[in-house]
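Report on the following structure.
Taken together, the values in this text are just the output of simple stated rules run on the coordinates, not laboratory data. Here the structure is a predicted model, which means the values were calculated and not measured. Cβ sites come from the backbone with ideal geometry, for glycine too, and all protein chains shown count toward neighbours.
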Amino acid sequence: MSGTDLVADARRMAGYHAVESALFVVTGRWIQHYDEPSLRTRIAVWNHHHAEHAARWAARYPTIEELPPIDAAVPATSVAAIEAVTGLGSLASSVLPRLADAYRDFAELVDPRLDGPTARILDRVRTDIEVQVAEMQAIAVSTGSAGTAPTPAVTTALADLLP
């Protein structure tokens with residue numbers, strides 16, 4: 001944990017878990033929508049990474065009386081808004097950069113000497129997200145979907161889920 005507040009850290013982790021789980025749903029849905037094998041493979045890799053990230057956050061989520069189970073710790077409407085994202089451009093230009101910013105901010109609070117497991121998770125997810133953003137932006141440009149703005153529901157959901 002960050003050494004600041006266990007409950008605040010747990011809320012962050014619940015939000016990260018929710019966003020990563022929603023991204024798993026989104027990217028899983030996209031695999032079937034593209035015909036090009038190399039693109040489907042990239043999306044499958046991203047899909048696997050989001051599942052792995054969600055599982056890592058679920059495993060780090062503390063079990064204390066003050067906290068609800070991780071799946072009940074965030075607004076379902078916010079998760080649904082992220083799951084409704086349909087374009088690579090929107091994900092690459094809004095959702096993933098916002099998630100990367102949240103991870104960076106949390107990493108600045110976590111002392112790896114005091115909480116090595118969380119620091120290692122943050123290192124891994126930050127690297128995966130940086131690579132995915134670069135790949136998605138290149139694909140979005142080549143497919144003409146770059147710069148797609150997020151819907152107001154997605155913007156609100158990100159504010160609800162990510163500190």
Compute the long axis of helix 96-109 from its Cα atoms, compare it with the longest principal axis of the Cα atoms of the chain, and write down the angle in degrees, 0 to 90, nearest 10. 20
For Glu65, Glu83, Glu36, ascending order of other Cβ atoms within 10 Å (fewest first) is Glu65, Glu36, Glu83
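Taking 8 Å as the Cα distance limit and 6 or more residues as the minimum spacing, I'd like the relative contact order of the chain as a percentage.
34
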Using only Cα atoms, tell me the angle between helix 37-60 and the longest principal axis of the chain; keep it within 0 to 90° and round to the nearest 10. 10
In the stretch 19-59, whose amide N lies under 18 Å from the spot 7 Å out along Cα-to-Cβ of Thr86? List them in ranges. 23, 25-35
Would you list Tyr34, Tyr103, Tyr16, Tyr61 from fewest to most Cβ contacts within 10 Å? Tyr34, Tyr61, Tyr103, Tyr16
Structure-derived semi-axes √(5λ) of the Cα gyration tensor in Å - corresponding label in (1) 27, 16, 14; (2) 80, 10, 7; (3) 33, 20, 14: (1)
Karplus couplings for the stretch 128-143 from phi (6.51 cos²θ - 1.76 cosθ + 1.60, θ = phi - 60°), rounded to Hz, Gly and Pro as x? 4, 5, 4, 5, 5, 4, 4, 5, 5, 5, 5, 5, 4, 5, 5, 9
Ranked from fewest to most other Cβ atoms within 10 Å of their own Cβ, Ile82, Ile139 fall in the order Ile139, Ile82
If you fit an axis through the alpha-carbon atoms of helix 6-31 and take the longest principal axis of the Cα set of the chain, what angle between them do you get, 0 to 90°, nearest 10? 20
Just to be sure I understand: with springs between alpha-carbon atoms less than 10 Å apart, which residue in Ser94, Ser142, Ser78 has the highest mean-square fluctuation in the Gaussian network model of the chain? Ser142
